[in-house]
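Data first, discussion second: the structure below is written as structure tokens.
The values are calculated or read from the model by the stated rules, or taken from the named source; none is laboratory data. The structure displayed is predicted, hence computed values, not measured ones. Glycine gets a Cβ as well: all are built from the backbone with ideal geometry, and neighbour counts include every protein chain shown. When the accessible area is computed, the model is the full protein with side chains, heavy atoms only, and any ligands, DNA or RNA have been set aside. Shrake-Rupley method; radii C 1.70, N 1.55, O 1.52, S 1.80 Å.
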There are 2 protein chains.
Amino acid sequence: MRTLITVDQNASTPLTQQVYNAWRHGILQQRFFGGQRVPSSRELAQSLGIARSTVTTAYEQLIAEGYLVTKQGAGTFVCSNLPMHNLPKRRATLATRSRALAPAIPLSDFGRQLQSDNHIRPQPKGWIDFSHWDPDLTQFPFALWKQLLQQQLRRLGGSNNPLLLDYSSHAAGYWPLRCEVAKYLARTRAVVCKPEQVLITNGSQQGLDLTARVLLNANDKVLIENPCYSGARQVFAATGAKLLPAAIDEQGLRCDYSGKDVRLLFVTPSHQFPLGVSMSLARRLELLHYAKQRNTVIVEDDYDSEFRYHGPPLPALQGLSDDVAIVYCGTFSKVMFPALRIGYLVVPDSLVPVLTQAKWLADRYTPLLEQAALTEFMAAGHLERHVRRMRKLYGARREALVTAFQQHFGAAAVISGIDAGMHALVQLKDNMLLARAEQAKVKLRPAAQSYLGKAPPHQYLFGFSSLSERVIKEGIKRIG
Amino acid sequence: MRTLITVDQNASTPLTQQVYNAWRHGILQQRFFGGQRVPSSRELAQSLGIARSTVTTAYEQLIAEGYLVTKQGAGTFVCSNLPMHNLPKRRATLATRSRALAPAIPLSDFGRQLQSDNHIRPQPKGWIDFSHWDPDLTQFPFALWKQLLQQQLRRLGGSNNPLLLDYSSHAAGYWPLRCEVAKYLARTRAVVCKPEQVLITNGSQQGLDLTARVLLNANDKVLIENPCYSGARQVFAATGAKLLPAAIDEQGLRCDYSGKDVRLLFVTPSHQFPLGVSMSLARRLELLHYAKQRNTVIVEDDYDSEFRYHGPPLPALQGLSDDVAIVYCGTFSKVMFPALRIGYLVVPDSLVPVLTQAKWLADRYTPLLEQAALTEFMAAGHLERHVRRMRKLYGARREALVTAFQQHFGAAAVISGIDAGMHALVQLKDNMLLARAEQAKVKLRPAAQSYLGKAPPHQYLFGFSSLSERVIKEGIKRIG
């Protein structure tokens with residue numbers, strides 16, 4: 001008998017699997033044809049010199065999957081009604097399929113937009129990176145955080161804590177955390193809300209994304225700050241909305257768009273990203289008036305509000321008005337550590353059900369273990385203690401940055417936007433700076449990418465939160 | 001001097017805060033007017049009988065926030081250029097704002113659709129709930145899981161594991177987990193992929209949502225199974241795509257839509273949800289041919305493939321073809337526990353960058369601690385061991401359900417779709433069943449809500465995975 005298939009007794013793949021694979025691939029590659037009789041398990045076992053049960057098991061699977069059929073009394077055959085003509089002939093084995101075969105897959109408008117815009121950048125090694133988003137991870141009380149997680153772990157699976165294990169009603173977030181967040185925001189940001197209005201999200205990015213999807217249709221008008229946090233701009237643009245850039249001056253966002261139909265307005269009043277301006281009270285009241293007149297929803301990203309070095313923190317816009325719809329948004333990843341994917345929205349009552357439902361549809365809910373640990377972290381006052389410590393630390397680094405610029409650049413560097421936050425905006429005059437920084441292994445962040453349209457030249461963001469004073473001095477010296 | 005404001009020395013609110021609040025509210029409520037002189041800190045402290053520094057601190061904050069202004073040599077005044085006319089007069093205090101004041105906020109088409117469709121249902125207590133999605137949580141090896149999490153926790157924050165702490169390049173998932181998932185799917189589901197093609201998501205729901213957003217524009221045609229998993233239907237509909245229902249017969253999905261322009265096709269070949277059919281090989285090949293002809297992307301939700309009670313598991317559609325674009329999607333929440341929000345997509349090479357970017361934009365990345373613990377759980381073989389154990393346990397419960405129906409309903413109940421999965425489809429004839437079940441405290445799940453358009457009457461899903469054999473028998477007896 002001609003050997004239809006071969007097996008390798010020394011291979012690591014089990015023999016049953018080898019027999020199965022050989023028939024399956026042979027059929028899919030049309031080496032065998034529909035209606036062709038296959039040898040009996042006894043015959044094949046004999047010719048291959050393997051146990052009959054090995055063949056029987058493989059045959060059973062092939063029959064179950066429809067590759068082979070048994071006809072009572074006649075034997076086993078390759079299934080004859082498989083639409084084989086549909087498959088390409090002489091294809092490579094399944095295991096070695098190549099990239100080249102992948103078809104071109106057309107993307108949605110949203111998808112196309114994403115491809116051209118890559119915001120995931122590897123951190124260069126051995127460089128000094130004036131990152132404007134990284135907190136100093138060496139300063140976070142991880143021992144304490146681990147203890148809290150461990151406490152929650154001990155409860156996990158216990159009969160007294162079914163909450164951490166099932167699907168039920170966590171879409172809006174872990175209730176005790178929602179209560180803590182409401183209290184925290186009332187205390188530190190003068191936000192006025194009930195815990196029911198607090199929704200827990202995977203960082204502020206998800207909060208913005210869900211808000212955009214729930215409120216915006218294609219061609220709706222959205223007023224955004226220009227320059228603007230690109231993560232926000234992208235999620236608004238993703239809905240197909242029209243983005244209208246609004247200028248920033250020393251008082252903050254200027255609502256000088258006179259159209260009537262602005263659906264949504266995005267603003268970072270505490271510490272405008274990236275310019276660092278705090279919006280004045282007068283401008284805040286104007287903004288509320290503007291939004292009220294047009295029934296515009298304000299999305300307030302309370303970015304970097306925790307770290308204020310000069311004067312008391314300005315309370316949130318959200319607490320200033322109760323007749324304008326404000327979606328207030330924040331995150332713990334900047335004040336704690338980025339891998340903690342927990343943020344929050346505070347929304348008007350009427351948006352609670354629809355945003356809860358949107359979160360459920362997006363990914364059900366934010367993982368509960370970390371939410372529970374964070375609840376304890378906040379309730380025991382650790383969060384506020386940590387913020388106070390970091391404010392002091394970052395304040396010293398901010399000083400170091402300013403001093404270093406004065407020393408190495410003098411009047412050639414104009415620093416602004418550093419009453420609060422984790423970065424400074426620096427206006428330079430030097431055309432060669434980027435090239436020199438590249439050579440000196442200093443990673444700079446041009447502000448240009450935050451602008452819609454033309455950006456003023458030579459504006460840079462200098463983050464100071466993740467670098468020691470020594471490294472900050474060294475970095476500015478290198479490029480000076 | 002007339003007392004402009006009052007404080008309560010016995011209240012728990014600090015006196016500084018009280019002074020600040022009193023002025024702020026008074027100004028916002030227009031009890032005080034722009035340009036009005038405020039008493040000096042010494043005057044006010046005296047009249048209220050409190051320390052001068054208390055008043056000074058409050059004033060400093062009010063000045064910093066723009067409520068008050070100081071004029072050199074003249075004193076302190078209520079700011080005169082606040083656009084107060086914009087604020088409503090005689091408003092309630094900020095703390096007591098009521099729901100009634102919330103404005104009506106128009107929603108996007110997506111948002112409106114969400115409101116009418118509430119899929120978060122509270123679990124009734126004391127009832128027998130034939131839930132078709134809950135695994136038996138009492139059987140999960142939580143002690144082991146905690147150990148693995150604790151191991152990861154010990155590494156957290158250590159200098160040898162910066163990966164768990166920063167933002168860098170985790171958008172596609174934790175690399176070691178992506179490798180484990182690729183191996184696992186190759187071994188158990190004959191999925192053919194490199195780890196680079198595996199993307200980690202927050203459960204399969206997020207995988208479907210991201211896929212839909214990246215591939216579908218409004219009015220694109222999407223072929224979906226009818227009946228269909230509603231979570232999938234919703235995310236496809238959310239893009240504005242047109243849903244074309246395709247019928248299911250005993251061989252699975254029938255591609256009888258003859259149009260040329262189907263962008264995407266959603267299918268659950270392993271265990272059709274909710275009918276429970278396994279798609280035949282012949283039908284699978286037809287489906288691939290259909291998709292190839294039209295350059296249609298197939299989204300394969302390998303739902304419930306782990307639990308097969310009858311015959312060997314059918315390999316995934318994904319492994320059958322390399323010239324059709326298939327997005328393969330699955331989750332660990334059904335085989336482990338729902339609160340573990342980890343699922344995966346396996347996608348063609350060309351979709352990896354855009355889906356990674358979409359994930360980054362949606363919520364950055366899935367929390368890493370659980371991803372790292374899951375990696376160990378899989379690498380040590382615990383996952384497959386657990387699946388084997390549960391398959392045996394669920395198999396016995398499935399038997400109990402069938403037997404109980406035979407006993408209490410006889411020929412009046414036709415059970416199908418139980419070769420695999422966590423539920424049976426039961427066709428009954430009884431018009432009064434829902435009412436009787438309600439009375440007997442048995443929660444039933446009509447299949448009707450999974451249909452687009454008219455549904456056959458009296459079809460129910462009976463989940464058997466989370467109930468003991470005793471409770472299953474009791475439940476069927478109660479409604480019998």
Residue list for segment A:212-234, filter: open to solvent by 10 Å² or more (accessible area, probe 1.4 Å) and more than 21 Å from the chain's Cα centre (by Cα): A:N217, A:A218, A:N219, A:D220, A:K221, A:N226
Residues that are part of a helix (DSSP H, G or I), open to solvent by less than 20 Å² (accessible area, probe 1.4 Å), more than 30 Å from A:V181 (Cα to Cα) and not acidic (D, E): does segment A:438-449 have at least one? yes
Please state which of the following conditions A:A282 fails to meet, knowing it meets all the rest: (1) surrounded by fewer than 21 Cβ atoms within 10 Å (Cβ to Cβ); (2) closer than 23 Å to A:P348 by Cβ. (2)
Matching residues in segment A:22-42 (in a helix (DSSP H, G or I) and either among the β-branched types (V, I, T) or out of contact with any helix residue (DSSP H, G or I) (no Cβ under 9 Å at 6 or more places or on another chain) (or both)) number 2
Among the residues listed as B:A362, B:A372, the single one being buried (at least 22 other Cβ atoms within 10 Å of the Cβ), more than 7 Å from chain A (Cβ to nearest Cβ) and part of a helix (DSSP H, G or I): B:A372
For segment B:450-480, the count of residues that are among the hydroxyl-bearing types (S, T, Y) and either out of contact with any Cys (no Cβ under 9 Å at 6 or more places or on another chain) or part of a strand (DSSP E or B) (or both) equals 4
Can you tell me which residues in segment A:249-270 are more than 22 Å from A:Q113 (Cβ to Cβ), away from chain B (no Cβ under 14 Å) and crowded, with 22+ Cβ neighbours inside 10 Å? A:L253, A:V267, A:T268
How many residues does segment B:221-233 hold that are farther than 26 Å from B:S416 by Cα and modelled with pLDDT under 95? 0
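In segment A:137-146, is there at least one residue being more than 10 Å from every other protein chain (Cβ to nearest Cβ), at pLDDT 90 or above and buried (at least 21 other Cβ atoms within 10 Å of the Cβ)? Steps first, please.
First pass over segment A:137-146, keeping only residues more than 10 Å from every other protein chain (Cβ to nearest Cβ): A:139, A:144.
Okay, now just the ones that are also at pLDDT 90 or above, so A:144.
Among the residues that remain, those that are also buried (at least 21 other Cβ atoms within 10 Å of the Cβ) are: none.
No.
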Could you check segment A:324-355 and list, in sequence order, the residues that are part of a helix (DSSP H, G or I), more than 7 Å from chain B (Cβ to nearest Cβ) and open to solvent by 10 Å² or more (accessible area, probe 1.4 Å)? A:V352
Residues in segment A:314-352 that are touching an Asp or Glu at 6+ places or on another chain (Cβ under 8 Å) and farther than 30 Å from B:T366 by Cα total 3
Matching residues in segment A:405-435 - criterion: being assigned to a helix (DSSP H, G or I), at negative phi and open to solvent by less than 70 Å² (accessible area, probe 1.4 Å): A:F405, A:H408, A:F409, A:A412, A:L433, A:A435
In the set A:E300, A:E306, which member is closer than 27 Å to A:E384 by Cα, open to solvent by less than 10 Å² (accessible area, probe 1.4 Å) and more than 7 Å from chain B (Cβ to nearest Cβ)? A:E300
Of all residues in segment B:309-323 being at the interface with another protein chain (Cβ under 9 Å from one of its Cβ atoms) and within 27 Å of B:L216 (Cβ to Cβ), the one that is most open to solvent (accessible area, probe 1.4 Å): B:D323
Which one is modelled with the highest pLDDT, of the residues in segment A:43-86 that are hydrophobic (A, V, I, L, M, F, W, C) and touching a Lys or Arg at 6+ places or on another chain (Cβ under 9 Å)? A:V55
